1. Tell me yes or no: at least one residue of segment 52-65 is buried (at least 17 other Cβ atoms within 10 Å of the Cβ), out of contact with any Phe, Trp or Tyr (no Cβ under 7 Å at 6 or more places or on another chain) and farther than 22 Å from residue 4 by Cα.
2. So which residues in segment 103-138 are within 17 Å of residue 69 (Cα to Cα) and modelled with pLDDT of 85 or more?
3. What's the total number of residues in segment 34-72 that are among the charged types (D, E, K, R) and in a loop (DSSP other than H, G, I, E, B)?
4. Between a first residue in segment 109-122 that is in contact (Cβ under 8 Å) with a residue 60 or more places away in the chain and a second residue that is of a type outside the set (Val, Ile, Thr) and loosely packed, with under 10 Cβ neighbours inside 10 Å, which pairs have beta carbons less than 9 Å apart while being 6 or more apart in sequence or on different chains?
5. So if I check each of 48, 103, which one is farther than 30 Å from residue 13 by Cβ, hydrophobic (A, V, I, L, M, F, W, C) and without any contact (Cβ under 8 Å) to a residue 40 or more places away in the chain?
6. Going by the structure shown, is residue 79 surrounded by fewer than 14 Cβ atoms within 10 Å (Cβ to Cβ) and either touching a strand residue (DSSP E or B) at 6+ places or on another chain (Cβ under 8 Å) or at pLDDT 90 or above (or both)?
Amino acid sequence: MNENILKSSDLKTTKRRMAILIILEKSLVPMTAEEIYSIVVNEVNMSLSTMYRALGTLSEKGIFLKHLSQDGKTYYQINNHQHKHQLVCNICNGVIPIDACPLTKLEKSLTQQTGFTITGHSLEFSGICPKCAEHAKE
């Protein structure tokens, strides 16, 4: 399946790209380049700059979604063409995915009102997770 994703985007199937793809396919949450690199470097020989180039290419081709978070870090995740929404903890940077899309009605309304063709959106709530809130009480 991974090879088909690359081939359909006119990209060569390389060990490095495949390793990155597999890591992000397995991840339930978005990951930074450094997090991906810490895993992939054990599997294939790759420099951090090569990692960034690969992530850039895969993002440009629409295979990955690239998101600059409120914590100033860039996160990557597989683009399975579903909405991605999440809760992000300001303290531990933990991420909790939101399964339902709370923006569907708003998106339809905006399209009807403006004639604008909306091709995607992202939603991130920031706050403090229960674990960090409990630690703060102590």
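The values are calculated or read from the model by the stated rules, or taken from the named source; none is laboratory data. The model shown is predicted, which means the values in this text are computed figures rather than measured ones. When we count neighbours, we look across all protein chains shown, and the Cβ atoms used for this are built from the backbone with ideal geometry, even at glycine.
1. no
2. 127, 128, 129
3. The total comes to 3.
4. If the second residue must be of a type outside the set (Val, Ile, Thr) and loosely packed, with under 10 Cβ neighbours inside 10 Å, no pairs are left.
5. Answer to the selection: 103.
6. The answer is no for residue 79.
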